[in-house]
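Data block below; observations after.
The values are calculated or read from the model by the stated rules, or taken from the named source; none is laboratory data. Note that the coordinates shown come from a computational prediction; the quantities given were computed from them, not determined experimentally. Cβ placement follows ideal geometry from the backbone for every residue including glycine, while neighbour counts extend to all protein chains displayed. In case anyone asks, the SASA skips ligands and DNA or RNA and just uses the protein heavy atoms, side chains included. Shrake-Rupley method; radii C 1.70, N 1.55, O 1.52, S 1.80 Å.
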Amino acid sequence: MYIPYGRQWIDEEDIQAVVETLQSDYITTGPKVEEFEKKIADYVGAKYAVAVSNGTAALHVACLAAGFHEGDEVITTPITFVASANCILYCGATPVFADINSATYNIDPEDIRKKITKRTKGILAVHFTGQPCEMDEIKEIAGEHNLVVIEDAAHALGADYKGKRIGGISDMTTLSFHPVKHITTGEGGMITTNSKELYQRLILYRNHGITRDTSLLTAKGGPWYYEQQELGYNYRITDIQCALGISQLKKLDAFIARRREIAAGYNKAFQELEKVVMPKQLDGCNSSWHLYVIQVRAADRERIVRALHEKNIGVNVHYIPVYSQPYYRSHGYENVICPNAKKAYESFISLPIYAKLSEEEQDYVIRQVKELL
Ligand SMILES: *Cc1c(COP(=O)(O)O)cnc(C)c1O
């Protein structure tokens, strides 16, 4: 028995949905893409959704649609997967790291304020572990300084911020459907937005910058006529993947309910223990629990991780602060440090959490962790 930190749940219904699409007329962009987009938009409460080939592509086209380019600064968190910051670099802009709040592990609005300069054009907030960032404060700062807000919600599909679903709150929100995330399409991603203008730009960037929409063309032409108006990419997703996504979406609420149960189980098991720090939840918000991250004494962390691996428990550490990666170090970030992020990273351990994790498996994880403290 091996217990990973996260994994997918694929059932017979999912397999059937994919097989049916393989037998249909559409293999790549067809009706399933639009259906999946519409269903995700409805689920998160956004007007528009654009499906793309993965979560990183979603971040990239969101940054392009936001208009980030050389000379611009975009403020983000160091406690995230490298893709969140890399997408700012893809556009030629500069990621600026604001520190995290030590209790919630999310970007700290106070530190965002300190990092704003004349060049700041956007804030890329990441709902780490599925817990929403302080969006009211972030939107207030953005309003004062005329900044675009992008939310990386790769961890936060189904999370609520003060009664609102993540996905319909700011300018654009991105999702990932990698197998460790809440629902999967193998590889896949989505951007949600309430702005028609941003929606049109996202569509353009997904498909080489090409449009056939007669209301957008700059000249008239025959029925074959199309225009490339921007430098876009091939970030299309397939109908095969979207058929899987539509089928997975039917189970999303059950998946999230199970993740919340598992998180409650860990909370209960560790609340009395002095040597474990548990994640603090924001009032009025409901995490969708992509990850369950505890902190242990930094001096014990490596020993505990190694020992758990020996017990076939695939705990992981999310995340190494992005600015400390060799690529960033050698590209101008050698002196950057966010003290709260550094300290938190040194004591983080991500425990197994996914819908298929059984009670027995979770009990086993809890017992082993307690023994090793
Ligand atoms: C998974 C993830 C991504 C990237 O998504 P892919 O689909 O793997 O490209 C981006 N940001 C965060 C926070 C993630 O967890």
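In a reduced charge model with +1 at each Lys and Arg Cβ and -1 at each Asp and Glu Cβ, the range 3-249 shows a dipole moment near 480 debye about its Cα centre.
The stretch between TRP224 and ILE27 holds 68.7 nm of extra length on full extension. This uses 0.36 nm per residue minus the Cα-Cα distance. Residues whose amide H falls under 5 Å from that of ASP99, counting only those 5 or more places apart or on a different chain, are ASP108, with hydrogens built in the peptide plane. The slack between SER102 and LYS342, meaning 0.36 nm per residue of separation minus the straight C-alpha distance, is 85.4 nm.
Annotation for the range 123-178 versus the range 213-279: alpha-carbon center distance of 14 Å.
On full extension of the chain, what length is gained from LEU217 through LYS370, given 0.36 nm per residue of separation minus the C-alpha to C-alpha distance?
Numbers: separation 153, 0.36 × 153 = 55.08 nm, distance 6.38 nm.
Working it through step by step, the gained length comes to 48.7 nm.
Taken along its principal axes, the alpha carbon cloud of the chain reaches lengths of 73, 53, 38 Å, longest axis first.
Among DSSP beta bridges lying fully in the chain, give the percent that are antiparallel, nearest 5.
Details: 24 of 42 bridges.
Counting DSSP beta bridges with both partners in the chain, the antiparallel share is about 55 percent.
Whole-Hz Karplus values for the range 2-18 come out as 10, 10, x, 7, x, 6, 7, 10, 10, 10, 4, 4, 4, 5, 4, 4, 5 Hz, taken residue by residue from phi with 6.51 cos²θ - 1.76 cosθ + 1.60 and θ = phi - 60°; glycine and proline positions read x.
Annotation for the range 181-198 versus the range 63-95: alpha-carbon center distance of 18 Å.
Taking all protein chains together and a 1.4 Å probe, the residues TRP289, TRP224 rank TRP224, TRP289 from largest to smallest accessible area.
With each label modelled as a point 7 angstrom along the Cα→C-beta vector, the LYS38-VAL82 pair spans 4.0 nm.
For the range 320-373, applying the loop criterion from DSSP together with a ceiling of 15 other beta carbons within 10 Å to the GluC sites (Glu not before Pro) yields GLU334.
What FRET efficiency comes out for LYS118 versus GLU12 if R0 is 51 angstrom and r is the Cβ-Cβ distance? Round to the nearest 0.05. The partial results should precede the final answer.
On the way: r = 57 Å, r/R0 = 1.12.
After rounding to 0.05, the efficiency reads 0.35.
Each peptide in 300-308, 67-75 was scored by the mean count of other Cβ atoms within 10 Å over its residues; highest first, the order is 67-75, 300-308. Checked against a 29 Å cut-off, the cross-linked pairs LYS121/LYS342; LYS121/LYS251; LYS118/LYS139; LYS162/LYS250; LYS47/LYS343 give Cα-Cα distances beyond that limit for LYS121/LYS251; LYS47/LYS343. With the simple spin-label model, which puts each label point 7 Å out from Cα in the Cβ direction, the LEU273 to LYS162 separation comes to 3.5 nm.
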